[in-house]
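The values are calculated or read from the model by the stated rules, or taken from the named source; none is laboratory data. Nothing here was measured: the structure is a model prediction, and the numbers come from that model. Backbone-built Cβ (ideal geometry, glycine too); neighbour counts: all protein chains shown. Side chains included, ligands, DNA and RNA excluded: accessible areas come from the protein's heavy atoms. Shrake-Rupley method; radii C 1.70, N 1.55, O 1.52, S 1.80 Å.
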Amino acid sequence: MQTFRCQCGHKLFFGSTSCVSCDETVGLCPTCRNVTAWKSFEDGLWQCTNRACGQKLKLCQNRIDHKACNCAVAEDEVDQTLCHYCRLNQVIPDLSIDGNLVKWRRLEAAKRRALYGVESNGLPIGDPTRNDYLPLRFEFKEDAAEPVSTGHAGGLITINLKEADSVKREQTRVEFGEPQRTIVGHFRHELGHYYWDLLVEPAKLDAFRALFGNEQDPTYSQAQSDYYANGPKPNWQSQYISAYASMHPWEDFAESFAAYLDMTSIVSTAQSFPRISADVADGDFDAWLRTYREIGVMANEFNRDIGLLDLVPEIFNKSVTAKLRFMHDLSEIPVHSPAGVSSSSGS
Ligand SMILES: [Zn+2]
Ligand SMILES: [Zn+2]
Ligand SMILES: [Zn+2]
Ligand SMILES: [Zn+2]
């Protein structure tokens with residue numbers, strides 16, 4: 001993801017809710033699609049400070065009540081209290097259960113990122129509050145008497161809440177031998193099934209079958225039981241983007257769709273960063289740190305695109321900077337031999 005600029009000049013990120021430099025309320029403006037500072041306006045409204053935009057905004061109710069969103073509703077959407085991402089939720093987790101709020105916030109952050117990506121690629125999102133074409137809806141559920149399967153059916157994307165638990169997610173990743181397993185990856189995959197229903201089946205079925213195979217033969221349930229009994233197709237690497245994609249043409253499409261969104265997201269991030277020169281003189285600590293921070297911001301955005309942890313998670317405040325400078329200066333301290341021991345080698 002590109003980074004954004006606050007009105008004070010400080011960097012803002014896709015998930016920012018306030019500016020760490022000027023303390024202004026910030027968020028994702030649904031009109032200009034930038035993360036911008038919002039000025040308090042009359043009647044509880046806010047105004048996007050992007051001069052080319054200036055949209056009057058209402059805070060999304062999920063932001064006010066749960067800090068689960070950083071987006072807003074445009075003023076003219078008078079009957080809406082939730083932003084266009086949050087209003088797609090049909091079921092949210094039971095927030096009276098300890099830990100669920102934190103997990104839900106993670107799901108929402110990944111959902112916003114995945115949806116922002118499909119919007120950036122010009123794909124439509126059916127809004128259930130507008131009686132739209134195949135409305136897109138989400139439900140976030142926990143295993144109870146019935147286990148919850150992450151999946152898609154008729155525009156409804158179900159995500160098992162345990163995918164927001166990083167320990168459980170890593171266990172599952174190892175169990176299934178996957179190279180990566182991320183929340184944003186789940187959203188992208190399930191959105192692939194949604195777009196198959198919305199766009200491919202009605203208009204491009206023949207072209208789909210020529211490339212991915214006939215989704216009727218074998219049936220999905222037959223393909224699924226074959227896959228879990230016998231594993232992926234032998235030599236799947238020669239034809240599929242992942243082992244799971246070899247299960248059935250629908251999964252092949254969803255896996256390929258997710259990979260396509262990964263690609264467009266990573267390449268857009270690369271476009272937004274000017275080339276970084278890592279040409280630093282040995283003794284110039286400030287240049288080293290400045291370059292490291294620039295690379296860190298860029299690499300973090302690449303990792304966030306895919307849903308991985310930040311490469312450089314640290315914040316280099318004054319105190320930390322002074323300590324790192326101390327390390328840098330260690331090489332300038334002459335080495336004193338302990339008493340009685342010669343520092344010359346070979347003694
Ligand atoms: Zn600021
Ligand atoms: Zn705006
Ligand atoms: Zn929202
Ligand atoms: Zn799938």
Quick one: count up the residues across the range 90-111 that are touching a Phe, Trp or Tyr at 6+ places or on another chain (Cβ under 6 Å), within 14 Å of Asp65 (Cβ to Cβ) and not in a loop (DSSP other than H, G, I, E, B).
0
Within the range 4-14, does at least one residue satisfy the condition of being part of a loop (DSSP other than H, G, I, E, B), touching a helix residue (DSSP H, G or I) at 6+ places or on another chain (Cβ under 7 Å) and open to solvent by less than 50 Å² (accessible area, probe 1.4 Å)?
yes
Could you check the range 26-87 for strands (runs of 3 or more DSSP E) lying wholly inside it with 2 or more residues that are open to solvent by 10 Å² or more (accessible area, probe 1.4 Å)?
35-40, 46-48, 56-59
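Quick test for you: out of Ile183, Ile157, pick the one residue that is in contact with a strand residue (DSSP E or B) (Cβ under 7 Å, 6 or more places away or on another chain) and among the β-branched types (Val, Ile, Thr).
Numbers: Ile183 fails: in contact with a strand residue (DSSP E or B) (Cβ under 7 Å, 6 or more places away or on another chain).
Step by step, each of Ile183, Ile157 is checked, and only Ile157 is in contact with a strand residue (DSSP E or B) (Cβ under 7 Å, 6 or more places away or on another chain) and among the β-branched types (Val, Ile, Thr).
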Would a scan of the range 113-135 turn up a residue that is of a type outside the set (Asp, Glu), in contact with a strand residue (DSSP E or B) (Cβ under 8 Å, 6 or more places away or on another chain) and crowded, with 19+ Cβ neighbours inside 10 Å?
no
